[in-house]
Each structure stands twice: as C-alpha cells, then as structure tokens.
Amino acid sequence: MAVFPWHSRNRNYKAEFATCRLETVPLEFGDYHPLKPITVTESKTKKVSRKGSTSSTSSSSGSVVDPLSSVLDGTDPLSVFAANADPVAIAAVKNLFMGSEKGRAGPAAFAVSEKVRTRLEELDDFEEGSQKELLNLTQQDYVNRIEELNQSLKDAWASDQKVKALKIVIQCSKLLSDTSVIHFYPSKFVLITDILDTFGNLVYERILSMCVGDHSVLPGNFSPENVNDTARETCLNWFFKIASIRELIPRFYVEASILKCNKFLSKMGISECLPRLTCMIRGIGDPLVSVYARAYLCRVGMEVAPHLKESLNKNFFDFLLTFKQIHGDTVQNHLAVQGVELSSYLPLYSPAMDWIFQCISYRAPENLLTEMMERCKKLGNNALLLNSVMSAFRAEFIATRSLDFIGMIKECSEAGFPKHLLFRSLGLNLALADPPEGDRLQILNEAWRVITKLKNPQDYIDCAEVWAEYTCRHFTKREVNTVLADIIKHMTPDRAFEDSYPQLQSIIKKVIAHFHDFAVLFSVEKFLPFLDMFQKESVRVEVCKCIMELFIKHQHEPTKDPVILNALLHVCKTMHDSVNALTLEDEKRTLACLINGFVKMVSFGRDFEQQLSFYVEARSMFCNLEPVLVQLIHSVSRLAMETRKVMKGNHSRKTAAFVRACVAYCFITIPSLVGIFTRLNLYLLAGQVALANQCLSQADAFFKAAISLIPEVPKTINVDGKMRPSEPFLLEFLCNFFSTLLIVPDHPEHGVLFLVRELLNVIQDYTWEDTSDDKIRIYTYVLHLLSAMSQETYLYHVDKVDSNDSLYGGDSKFLAENNKLCEMVMTQILEHLRALAKDEALKRQSLLGLSFFNSILAHGDLRNNRLNQLSVNLWHLAQRHGYADTRTMVKTLEYIKKRSEQPDMTHLSELALRLPLQTRT
Amino acid sequence: MEMLSGVVVVSGKDPVQHQGLFLTVEGAVNLQLSAKSVGVFEAFYNSVKPIQIINSTIEMVKPGKFPGGRTEVPFEFPLLVKGNKVLFETYHGVFVNIQYTLRCDMKRSLLAKDLTKTSEFIVHSAPQKGKLTPSPVDFTITPETLQNVKERALLPKFLVRGHLTSTNCAVTQPLTGELVVESSEAAVRSIELQLVRVETCGCAEGYARDATEIQNIQIADGDVCRGLSVPIYMVFPRLFTCPTLETTNFKVEFEVNVVVLLQGDHLITENFPLKLCRV
C-alpha cells in the first residue's frame, strides 16, 4: 500500500480567533446574568416561640428567587408538630420507663420477670385451654404478649365475638390495679391503654356504622336525634354491660374508653359523664393507680371534648386533695414490702402528672397557672408537684420565676423526690426561655451550687447536660470553662464517663453550637480535657465529626491560629486513626470530606514555607485517606502557583527551590494513591504546575511517570460501585495529555518529540478492545497534535517556557521528523480502516472514514495532491455502503464550499466538485 | 288496655296448606321454694302452683293455604287479664319469675306436624302517676353502731359517714349518694355496693323469705383517702330489677348493702331497703 505523506496546513491562530469569537458586551452592575451568583438576604426572621411557628421570609437581591427559600415560607412543619405532639408524649413515657428498666441487669431484672410470669398466667386464665408457660419471661415478652392480646381483641371483634372482646378488655384493665412491680407500672399503663383505645374505637365505629344504615353518611358532628333506635339500643347495651362490671378499676377504664359513644345518646352525655368519672377515681385507693387513671381520663377527655376544661381542673384539685396519701402508711408499707426507695417511687408519678398538668395549662390563662402554682406551694413536701409544674407549664412562665423556683426546690426535703430531677426540669425550661437579665448569674450560681453536690455521677450528668445549654447561651467562656471543669471533676473518678457518653456528647454539641469562633472555643482551657473523656472510639469519632462539621459550617476565613490548628489537627487525627480495614466506604468519604474542609481552611498567608510544612505534617497524619492526600496534592500545587503569582513568574533562587520542593512533594505523594485515573490526572496536573514554574526536568519526570503508568490501566474500573469500561476515561485523559504535550519542550539529550514517541509506543502496545475504535481515535488526535506542533507559532504557550516552536524555529529536520511520525500514524489509521471492511464493521468504517476525512480537512494541506486524493477516497469510503448520514454529508459539503470562499482556500472549491453526494434511490 | 302488636312471618319455598294460624298469649308467676325452706314448709311446698295472669288465644288466619315465599301477617293482641289479676311487670328472679310468652301455632293436617314458635315479650308496668318523693338517708357507721359483733373490743376504730340521695328510686335512674371514710385505724381494702332482692312466697300457712345478691359493684378499691367523699353510684340492671312488688301470694323487694372491707378481714355491712318504681 502506498504511504501517504502528511502536509499540515499552516494556521494563523490569531486570525482564526478573531473570526470565530463572539462579540463581547460589557455587563453593567445589577444587570441580570444567569451565571451571576445568587445572593439571598434574609430580611426578617420572627422570634421563635415555644408554641408558635417559625416563619422566615427571604428575598433575593437579584431578580432570581432561590427556590429553597420559598419552602421555608409559612409555617414550619416541625413546630406545628410540636404544638400538638400529644401521642409523642405518650410514646416518650413508654420509652422513658421501658428504657430505664431495660438498662437494669441482674437480680432486679430477674425479679421483674418472676412477677411478670405470674401476671401472664393471670392473662392466660381467661383464655380457654391456654397452656401455662413457665418460661422466664422478660419484659419484652410481656410487651409482646400484650400486643398479642391487642390482636386477639381485634380478631374476636372481627369474628363477632363481642363478649369475648369485652372480656379481654376487662381482664387487661384489671392488670392496671396491680402495682406489684411498681417500676413497670407506667409502661404497663401505656401498653394497656393502647388496647383500651383500640376497643373504644371499635365500639364507636360499629355503632357509627349502624347509624349509616338510614342516613347515607352521618355528618361529623351529628346530633343524637339522627341516631336510629338499633344503634341507640346497642349503645345503651354497652353502657349497661359496663355498668355491671364488678370491680372499680376495670369499670372505670372501660367506660372511659368508650366515652366518645355518649355522643350517640345525648348532647350532654359527655359533659355529664366526665365529672362522674372524675369523682369515681376518688374511690381508687392507691395514689399511683389513681393518678394514672386521671391521666387517662384527661387524655380521653381532651380527645373527645377539649372544651370541657372543668373536669380537667377538677382532676387536678382532687389530686391535690389526695396528695397527702403518698406519704401515708399504706403506701409506705407497700414500698417497704417491695424494697423501693421513695426517691425512685416518686418519679413514677411524673409522666401522669405532667400529662394532667399539660392538659390544664394548654392555652390556660396566666392567672390559672398562678393559682395552680400557689396551691402546689401550700402543700407540704411538694417537690413532685413542683417538678410537674415545671415540666408542664409554659417555659416563659417558669423562666421569669426561676429564682422563686430555686428557692422552693431548696426547701424540699432530701428524702422525697430527687432534687436533681427538679433542677433538670428547671434547666429544661431555661433552655427554652430566657429568665430576666439581672437574675441570670444568680440563677446559675444557685443552681450549680446544688448540682455540684450531687454524688451519683448519673444524676449529676443528667442535670449538667441540661444546664450546659443555659450556661453556653448566656455566659462567656469563663463560666463555660468552670462548668466543663466541674463536669470533668465529677465524671473522671471510677471512669464514670463511660456510662454517660450520650450526655457528654450532647454537652459538647451545645458548647460548640454556641461558640462559633473556634479561637475562643479552643481557648476554653477545659475543652480539650473534656474531649479526652470520650475514650470509646466510636463516640470519640462521632464527637470529632460534630466539631469538624461545625467548624466547616462556621469558619469562613482561613486561619493560622496555632491553637485552632493544634486542636483541630488532633481532632482530625482522631477521626483518621479510626479508619481501619472494616470502615465503610461511606464513612471514609465523610471523614475525608471533613478533614479536607479543615485542610482548605488553613492558611499561613504569605508564609508559604510554613504552609508547605503544614501540608507535609498533614500528609504524614492522614496517609490512610486517599481523598485527603488528593486534596493535599491539589493544595500544594496551588501553593506553587500562588508562589508563581506572587513572583509574577520570575522565580528567585529561593522561590525556585521552594517551588521545586512543592513539586517534589507531589511527585512522591502521587504513587501512594490507589485510583489509577486519580494518579494519571494528578501526574498531569503536577506536570503542568512544574512546567508553569519552569521546572522542566521535573515536568518531564511527571509526564514520563504518567506514560509509564498507562499500561497498567485495567480494562474496567469501579465507578460509584459499578464496574465500567475504562477506555472512555483513558481517551479523555489522553486528549488532555496531548494538549499539554504540545507545549512541552524537548529535552536536549533525548530525541525529537521523545515524549510523543514514548506515548505512541505505549498506545501501540496497550490491548484495546477489539470492538472499539478508540485506538484509531487516539491516533487521529495524535495527528491533530502533530499538525499543531508543526506550526510556526503554537496556539498557546506557558509564560517563560520556550516550547518546541521557538526551540526549533521551524527547523526542516524537526518538520521532517514530525512528518515521519504523521505518516506512521496515518498508515496505522488506514490499515485499521481496511481491516474494517467486513460486513459487521462497515458502519464503523464509514464513521471512522468520515472522521478521518474531517481531520484532514481541518488540519491537512489539501493543496497536496496525494492528500487531496486520499480525502476524496475517504469521502467515497464513507458513502460506499450506505451507512453515511446524508444530512451530515450535505452539511459537510456545504461547509467545504463556504470555506472555499475564503481567500487562501480557493483550492477547496475544486475539491468540492470531486465529492459527489450519494443519492438514495 | 295494652295491645301487643307485630307480624307473623311465614316463609317457605312451596305453598303451605294449613288448618289455621293461632296466637296464644300466656303469662304466669312461677314461685319456687329455696332448698332450705323446703324442709320447714313441706306441706306448703305442694301448694305452690303457678299463678296464671293471662291466657288467651285468637285465630289469626282461617284454614287455607299460604303462597310460596314470604308472607307477613300483622296482628294486634289485646292483653286481657284473667279475673281481677294485675298485669305484673316482667321479672326474672331466683324464686319468683314473672314471664310472658307469645306462642304462634300453625295447625296442619293429620299427616304433618303442627308448627310452633314461642317468644318472650317484656311487660313494663305503666309509670306511676305523680312525682317520686325523695327520701334521703344519712348514715354513720362506727364500731358502736354495729350489731352482731362478737368481740367489740377487737374491732379497729373507724368512722364512715355517708348518705343516699334517696331510697325511693326509679328503676331507670341510678342509685346515687356519697360516702366518706372519716377515719379508720385499719386500712380499707374495698368498699362495695351489694344490690339484693328479697323474694317472699307465702300464703296462709306461712311464708318463705329469701334474699339473694343481684350484683355487686365496687366503689372503692384500696385504702381510700380519708375525708374525701367517694361517690355511690349504681345502675339498676335491666331484667333483674322491677318495681317493688307486693301481692297476697308473693313479694319482690330490693335492698342495698354498703359493704366496707377492712384489712384483717373485717366486713362491715349497712343495709338499706329500697323502694323501686317506674316513673
């Protein structure tokens, strides 16, 4: 086959630029531009109130509205949720008490399951033929059992066994009169009232469905007159049945559960029923059982008839009347039998009381709250009441009277309700609402004086956690430091901190949330010693992550503060050191992202050497996280370029050495990376940096390294967890590489274009996919590169680096070498085209032929006859088998004709004549 | 004159030939003697016969043929009492039962069996005229007020006071009142209301009086708060209660017992006769 010579077209890049560029129009300030950054200014933010909703209005300074800000308009769904978070509260009760009970191990737990078993047998009794399980049932089993009962209630109902359903409900509510395992009572209450709710709904729905019979659908607020006789009779029947339940507690609960059904009987039904049920509770002797019964009644009452506030208040006052019972003999004897301390017994009242108090105080006028508080004050030993007042009343109400409350708490006796719980409740209020300005310090002093005396670390930390928020909010680092010091002092003995990681973590979060200035934060002396208490690695890393997240969020200016750097390096090191073989990819990514955020924020200003030594230190610290190393390489490259910028391109001896040090840093860091394309791209980047800084031999080293790495590129690579062919990536990289190679000057001791040659060899030897033409595509690109290299002046240059154009100055030997290479490449392309002359590959042949034609058109000198002939042949080849896209061909031809109108391109018109268009027939 | 009205439904696939459709109303007071009374009044035992209050039959449909499918025959039946008897209210007790039944018979030819269906119907006596006069009762229970105590000195000290809104009650209205445990040395275990019926069967030779419990309602469970009033509230169960009845042959009366159970198995009962009526 004949070898076609290559003749590159001479290009006048400047003129070409001028013809193809768009006209530039200056942009006035304030004009709309799609690429202009969007600035959103928050113009107004309402103060967040406890019950109210948060709303914020945003407007943008430009004409562009940030879509995210519009979402925040109107009510915040979370605060709406908070306003009516009733069911959540109940769930919280459950968790609170289940949780505390679960945590207990050993004999106590055994005692529970022992008791539980007897109660389960009790449950079994009414189920005919039930076998007595003598398993050592745990609390979870008990819970599951009750859940089963709930299900069997539904089943019995569904299969029309109403009597059985009622029996189940009665048996369940009977369990509520049993306080033999007193700590389990609140959980049991929640579980069983759940069943009662189910039952109440079933009865209600059934009667409602009977009404639907004649009036297609009853309106939501139907009146009793619309209820037909059958429904009415059924409803009455239920009430009669329930009225004849022998025992007081089941009778009360079951009747309360179907309170809603009174609607079917009369308008006044509920308002007559509620006071009667309230009175009925007076008959319950055990104060704990009775307070939970009241809580249930309040709950049902609020649900069915929220306007009937009277009986809520009645419940409260009745409760106050029976309050003295708690300290009576019967209860004390009962506690003595069970071996329960008063201080762990009293908190069992809190969920129910909080509930009642909350129902009453919801939207209650100020004077009612004051009255309630006064009445609580009058009773002796009122810590329990105080606690519920603090948990249920509005935070603002409590906060303004903080000093009063502290006084009252102090007066409470030591034996009763635990004081730390009282201070905790007060602290919770103060976290939500601010006390009067003048009282703040006194409140903290008074409260902390008591808190610091708490002996039990668990009690102590529960309090301290809550008060940390108040301290951080209103005081300076001095007070925070004192508080942290105190916490350390309490939690260190016997490694008490090990049991309180969640609380300690929450304290840390509060502290960092309030100190946005990290310089101040780290100058809090006890902050780092506090961090040292997190000795379990997972928690420690979690805390470190929090700190870093907030740092990235709040630190806007780069910093070189040695305190911050030291502390954060320590934090980052902790995160980094937690990485091991088992760490998940996601976790690694998160950690790396956080560390990168930190690395980017460190700046020593003009002290570049210090900066570099920081990067060196960072590299040694974070060597296990690849993304961090990548970031470091980028940072160092950037540092080199900054240096260049400062020196305006003229390096002094000192800066040249420094820049070489930077480049060396990159050179030795890159090989430790795993990702092959990461390495390739970084070699290229670092090579470019070296070139820009006139480190020619270093640049050569980078490029050589890149070239020698190419054979190692695997066939497929892992991208986001999926295996993908690597060729497209390689193609992309090589194109990028070629455009850099254009300006790399030849090494005086190596041959002409030695890098290109080496690269060509590597490409030649690389095993390409049989079904792809990427190799040929690359050859075409090489052809473009070579044509660009044969120009008198290159398209672009690196400042202060002489590229081959000025080195050789259009030397004919160089051009001859260049052309030889071109011929070689063309031979390869043409061979490949010929090899494609098989049926299944004809389409590829056509496409590739056309693309080669285009390349010649763009870069070749078509005045050369042989090249001209070749292009005509390629044109025919592209069309020969009918795979050519007619539109493309037509367009191409039009383009050629248009080009021929240009002054020095007249020879193209002649070519155009020789290019026939294939017509489809 | 009371009317009993309703429909008789005849349904069958095929037409039914019959010899007439009859309705019979029967009402009777059945008296029974409790086992403990039998020994004493053996002579009397035999003499207890059901007292018929009503027994009458009407022919609804003359002999003929009901077509296939469903046929409804409406009726109105006048309740005519026998002689000078009174139409007592339905009552199901232990020793006294007052029951009314309606029987429907379809006579058929010799070859086929007669068809019979019976169902009970409830009689409520007519509301009494005039208002119920309330008769409130206050009570105080202390060890001293108790009768039937063996060793008064062993009793713990206590003081329970209370009152019933009225001992004249309407059966449809609950029994209400209040009770206060003012003081008690022993812990209270439970306070209950026991509704008791007192049935008396008798004649010239003598009578048998039996008290049995209808229901027991707990109004206080555990050691109730001292000095705090606990409501007394009891709904009278339907069917098992009726207005207080006094006839020459039998009596049905009601009483309520307030039962206080103290720690150490001390059972204190205070009895209140009730007069029930319908208003």
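Given the conditions (1) more than 9 Å from chain B (Cβ to nearest Cβ); (2) within 28 Å of B:Thr241 (Cα to Cα), report the number of the one that A:Glu247 does not fulfil.
Unmet condition: (1).
When you scan region A:319-337, do you find a residue that is under 41 Å from the mean Cα position of the chain (by Cα) and more than 11 Å from every other protein chain (Cβ to nearest Cβ), even just one? Lay out the reasoning, then the answer.
Start the filter on region A:319-337 by keeping residues that are under 41 Å from the mean Cα position of the chain (by Cα), which leaves none.
There is no residue in region A:319-337 that is under 41 Å from the mean Cα position of the chain (by Cα) and more than 11 Å from every other protein chain (Cβ to nearest Cβ).
Are any residues in region B:193-205 within 14 Å of another protein chain (Cβ to nearest Cβ) and either in a loop (DSSP other than H, G, I, E, B) or crowded, with 19+ Cβ neighbours inside 10 Å (or both), and if so, which ones? Spell out the reasoning first.
Here is the first cut: in region B:193-205, the ones within 14 Å of another protein chain (Cβ to nearest Cβ) are B:193-195.
Passing the criteria: B:Leu193, B:Leu195.
Mind checking whether some residue in region A:226-243 is within 30 Å of A:Arg375 (Cα to Cα) and either more than 9 Å from chain B (Cβ to nearest Cβ) or more than 45 Å from the chain's Cα centre (by Cα) (or both)?
No, because not a single residue in region A:226-243 is within 30 Å of A:Arg375 (Cα to Cα) and either more than 9 Å from chain B (Cβ to nearest Cβ) or more than 45 Å from the chain's Cα centre (by Cα) (or both).
Restricting attention to region B:260-269, does a residue exist that is closer than 25 Å to B:Ile98 by Cβ and more than 14 Å from chain A (Cβ to nearest Cβ)?
Pass one, region B:260-269, residues closer than 25 Å to B:Ile98 by Cβ: none.
No - not one qualifying residue is present in region B:260-269.
Conditions (1) surrounded by 15 or more Cβ atoms within 10 Å (Cβ to Cβ); (2) modelled with pLDDT under 85; (3) of a type in the set (D, E, K, R), marked per residue:
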residue: A:Pro457; (1), (2), (3): yes, no, no
residue: A:Cys463; (1), (2), (3): yes, no, no
residue: A:Thr482; (1), (2), (3): yes, no, no
residue: A:Asp486; (1), (2), (3): yes, no, yes
residue: A:Tyr501; (1), (2), (3): yes, no, no
residue: A:Val511; (1), (2), (3): yes, no, no
residue: A:Phe515; (1), (2), (3): yes, yes, no
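With the condition kept exactly as written, say whether any residue in region B:117-137 is assigned to a strand (DSSP E or B), open to solvent by less than 50 Å² (accessible area, probe 1.4 Å) and touching a residue at least 40 places away in the same chain (Cβ under 8 Å).
Of the residues in region B:117-137, the ones assigned to a strand (DSSP E or B) are B:117-120, B:137.
Keeping just the survivors that are open to solvent by less than 50 Å² (accessible area, probe 1.4 Å) gives B:137.
Next cut, touching a residue at least 40 places away in the same chain (Cβ under 8 Å) only: B:137.
Looking through region B:117-137, at least one residue is assigned to a strand (DSSP E or B), open to solvent by less than 50 Å² (accessible area, probe 1.4 Å) and touching a residue at least 40 places away in the same chain (Cβ under 8 Å).
When only residues in region B:248-269 that are within 22 Å of the chain's Cα centre (by Cα) and open to solvent by less than 40 Å² (accessible area, probe 1.4 Å) count, which is modelled with the lowest pLDDT? So that I can check it myself, show each step before the final result.
If we filter region B:248-269 for residues that are within 22 Å of the chain's Cα centre (by Cα), which is where we start, we get B:248-259.
Going one step further and asking which of them are open to solvent by less than 40 Å² (accessible area, probe 1.4 Å), we end up with B:250, B:252, B:254-259.
Numbers: B:Phe250: 83, B:Val252: 88, B:Phe254: 91, B:Glu255: 91, B:Val256: 92, B:Asn257: 92, B:Val258: 91, B:Val259: 91.
Residue satisfying both the conditions and the ranking: B:Phe250.
Looking at A:Arg294, A:Arg299, which is the one that is more than 23 Å from A:Leu342 (Cα to Cα) and either open to solvent by 10 Å² or more (accessible area, probe 1.4 Å) or away from chain B (no Cβ under 12 Å) (or both)? So that I can check it myself, show each step before the final result.
Numbers: A:Arg294 fails: more than 23 Å from A:Leu342 (Cα to Cα).
Sole residue among the options that is more than 23 Å from A:Leu342 (Cα to Cα) and either open to solvent by 10 Å² or more (accessible area, probe 1.4 Å) or away from chain B (no Cβ under 12 Å) (or both): A:Arg299.
Go over the candidates A:Ala640, A:Ala701, A:Ala657 one by one and state the one that is open to solvent by less than 10 Å² (accessible area, probe 1.4 Å) and either out of contact with any Ser or Thr (no Cβ under 6 Å at 6 or more places or on another chain) or acidic (Asp, Glu) (or both). Give the derivation first.
Details: A:Ala701 fails: open to solvent by less than 10 Å² (accessible area, probe 1.4 Å); A:Ala657 fails: open to solvent by less than 10 Å² (accessible area, probe 1.4 Å).
Going through A:Ala640, A:Ala701, A:Ala657 in turn, the sole match is A:Ala640.
Among the listed residues A:Asn718, A:Asn681, identify the single one that is free of Cβ contacts under 8 Å to residues at least 60 places away in the same chain, within 28 Å of A:Thr655 (Cβ to Cβ) and within 32 Å of the chain's Cα centre (by Cα).
Values: A:Asn718 fails: within 28 Å of A:Thr655 (Cβ to Cβ).
Criteria check complete, one pass: A:Asn681.
Restricting to region A:254-272, what's the tally of residues that are within 12 Å of another protein chain (Cβ to nearest Cβ) and under 15 Å from A:Ser173 (Cβ atoms)?
First, pick out the residues of region A:254-272 that are within 12 Å of another protein chain (Cβ to nearest Cβ): A:255, A:272.
Keeping just the survivors that are under 15 Å from A:Ser173 (Cβ atoms) gives A:255.
Qualifying residue count for the region: 1.
Please indicate, with yes or no, whether at least one residue in region A:257-268 is out of contact with any strand residue (DSSP E or B) (no Cβ under 7 Å at 6 or more places or on another chain) and at pLDDT 90 or above. I'd like the intermediate steps shown before the answer.
Step one: filter region A:257-268 for residues out of contact with any strand residue (DSSP E or B) (no Cβ under 7 Å at 6 or more places or on another chain), giving A:257-268.
From what is left, the residues that are at pLDDT 90 or above are A:257.
Yes: one or more hits.
Scan region A:169-187 and tell me whether some residue there is over 21 Å from A:Pro287 (Cα atoms), of a type in the set (D, E, K, R), open to solvent by 10 Å² or more (accessible area, probe 1.4 Å) and part of a helix (DSSP H, G or I).
Among the residues of region A:169-187, not one is over 21 Å from A:Pro287 (Cα atoms), of a type in the set (D, E, K, R), open to solvent by 10 Å² or more (accessible area, probe 1.4 Å) and part of a helix (DSSP H, G or I), which makes the answer no.
Residues are listed down the side, and each one gets a yes or a no for (1) over 14 Å from A:Tyr779 (Cβ atoms); (2) assigned to a helix (DSSP H, G or I):
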residue: A:Lys800; (1), (2): yes, no
residue: A:Gly810; (1), (2): yes, no
residue: A:Leu821; (1), (2): no, yes
residue: A:Ile829; (1), (2): no, yes
residue: A:His832; (1), (2): no, yes
residue: A:Glu840; (1), (2): yes, yes
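Looking at region B:206-251 only, could you name the residues that are within 11 Å of chain A (Cβ to nearest Cβ), part of a loop (DSSP other than H, G, I, E, B) and out of contact with any Ser or Thr (no Cβ under 7 Å at 6 or more places or on another chain)?
Across region B:206-251, the qualifying residues are B:Gly222, B:Val224, B:Gly227, B:Val235, B:Phe236, B:Arg238, B:Leu239, B:Phe240.
Residue check, B:Arg189 against (1) part of a strand (DSSP E or B); (2) within 14 Å of another protein chain (Cβ to nearest Cβ); (3) modelled with pLDDT under 85, all met but one. Which one?
So the condition that B:Arg189 fails would be (3).
Open to solvent by 40 Å² or more (accessible area, probe 1.4 Å) and either within 13 Å of another protein chain (Cβ to nearest Cβ) or in a helix (DSSP H, G or I) (or both) - does that describe any residue in region A:305-312?
So far as region A:305-312 goes, yes, one or more of its residues are open to solvent by 40 Å² or more (accessible area, probe 1.4 Å) and either within 13 Å of another protein chain (Cβ to nearest Cβ) or in a helix (DSSP H, G or I) (or both).
List the helices (runs of 4 or more DSSP H) inside region A:852-913, counting only whole elements, that have at least 3 residues being within 24 Å of A:Glu823 (Cα to Cα). Give the derivation first.
Details: elements: A:865-880, A:886-899, A:907-913.
Result: A:865-880, A:907-913.
What do you reckon, is B:Leu175 assigned by the TED database to the domain that holds B:His266 and either surrounded by fewer than 22 Cβ atoms within 10 Å (Cβ to Cβ) or more than 18 Å from A:Ile242 (Cβ to Cβ) (or both)? Spell out the reasoning first.
Values: assigned by the TED database to the domain that holds B:His266: yes; either surrounded by fewer than 22 Cβ atoms within 10 Å (Cβ to Cβ) or more than 18 Å from A:Ile242 (Cβ to Cβ) (or both): no.
When the stated conditions are applied, B:Leu175 does not pass them.
Restricting attention to region A:642-661, which residues are of a type outside the set (Ser, Thr, Tyr) and part of a loop (DSSP other than H, G, I, E, B)? Explain how you work it out, then say what you get.
Going through region A:642-661, the residues of a type outside the set (Ser, Thr, Tyr) turn out to be A:642, A:644-651, A:653-654, A:656-661.
Hits for region A:642-661 are A:Met647, A:Lys648, A:Gly649, A:Asn650, A:His651.
Please enumerate the residues belonging to region B:232-247 that are closer than 25 Å to B:His163 by Cβ and open to solvent by 60 Å² or more (accessible area, probe 1.4 Å). Give the derivation first.
The first filter runs over region B:232-247 and keeps only residues closer than 25 Å to B:His163 by Cβ, leaving B:232-237, B:241, B:243-244.
Across region B:232-247, the qualifying residue is only B:Tyr233.
Taking the criterion of being more than 18 Å from A:Cys211 (Cα to Cα) and open to solvent by 10 Å² or more (accessible area, probe 1.4 Å), would at least one residue in region A:223-236 satisfy it?
Here is the first cut: in region A:223-236, the residues more than 18 Å from A:Cys211 (Cα to Cα) are none.
Among the residues of region A:223-236, not one is more than 18 Å from A:Cys211 (Cα to Cα) and open to solvent by 10 Å² or more (accessible area, probe 1.4 Å), which makes the answer no.
The values are calculated or read from the model by the stated rules, or taken from the named source; none is laboratory data. Since the structure is predicted, the reported quantities are computational estimates derived from the model, not experimental observations. Backbone-built Cβ (ideal geometry, glycine too); neighbour counts: all protein chains shown. Areas reflect the complete protein model, heavy atoms only, side chains present, ligands, DNA and RNA absent. Shrake-Rupley method; radii C 1.70, N 1.55, O 1.52, S 1.80 Å.
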